[in-house]
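Values quoted throughout were computed directly from the atomic coordinates according to the rules given, and no laboratory measurement underlies them. This one's a predicted model, so the numbers in the text were calculated from it and none came from an experiment. Heads up, the Cβs are rebuilt from the backbone with ideal geometry, glycines too, and the neighbour counts pull from every protein chain shown.
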Amino acid sequence: MTIEEIKQYLPHRYPFLLIDRVIAYEKDKRLVAVKNVTANEPFFEGHFPHYAVMPGVLIVEAMAQAAAVLSLRSLGHKNDGKWVYYFVGIDGARFKRPVVPGDTLVLEVTQGRQGRGIGKYSTVAKVGDAVVSEAELLCALREL
C-alpha cells in the first residue's frame, strides 16, 4: 500500500501519520509497514538536540497505526468519518535500542483475539534485523 492508500484508512496526517507504506498484508492476520525516519522529523528538534532519538511513544504510536490499518482494511472500513480506531491499551512495551535519523523502521503487527469491537495485537518494530521495540496493543473500533 502506498501512503495515499494508507490515508484512505487512517485519519492521521502530517506530522502525525507515522507509517509510509505497507509491504505485507494478510487479511485478519498480519501486516508489515515501514516508517522512513528522516533527519527533518519535527520531534528530532527537541528529542534530543545533541543526539536525535525517535521518542518511544511515537514508535508505539506507529505500531498502533499499523494495527489500525490491518483491522480497518480487513473490515473494509475506510476513513469516511464514520469510524475511529482508538488505541486503548498497551502491555509489555520494551525498547531495546534507539531509532535515529536514517533508520528504516519496520513495523510487524499480528492480530490476536478480537471481540466486541476490541482487538489485541502483538507488535514488533525492527531496524534491519535488530528488534528496537515490542508491545501488546489493544485497540477499539467505535462508530462516530
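Around the amide H of Asp103, modelled in the peptide plane, lie the amide H atoms of Val37, all under 5 Å away and 5 or more residues distant in sequence or on another chain.
Other residues within the sphere of radius under 10 Å centred on the Cβ of Val131, judged by their own Cβ, net out at +1 (K and R +1, D and E -1).
Here Lys27 is the anchor, and the lysines within straight C-alpha reach of less than 25 Å, apart from those fewer than 8 places off in the same chain, are Lys7, Lys35, Lys78, Lys82, Lys120, Lys126.
Contact order for the chain, expressed relative to its length and based on alpha carbon pairs under 8 Å spaced 6+ residues apart, stands at 26 percent. Per-residue ellipticity at 222 nm, computed for the chain from helices alone with -39500 (n - 2.57) per DSSP H run of at least four residues, works out to -5000 deg cm²/dmol. The mean sequence separation of alpha-carbon pairs under 8 Å and at least six residues apart, normalised by the residue count of region 40-123, gives a relative contact order of 29 percent.
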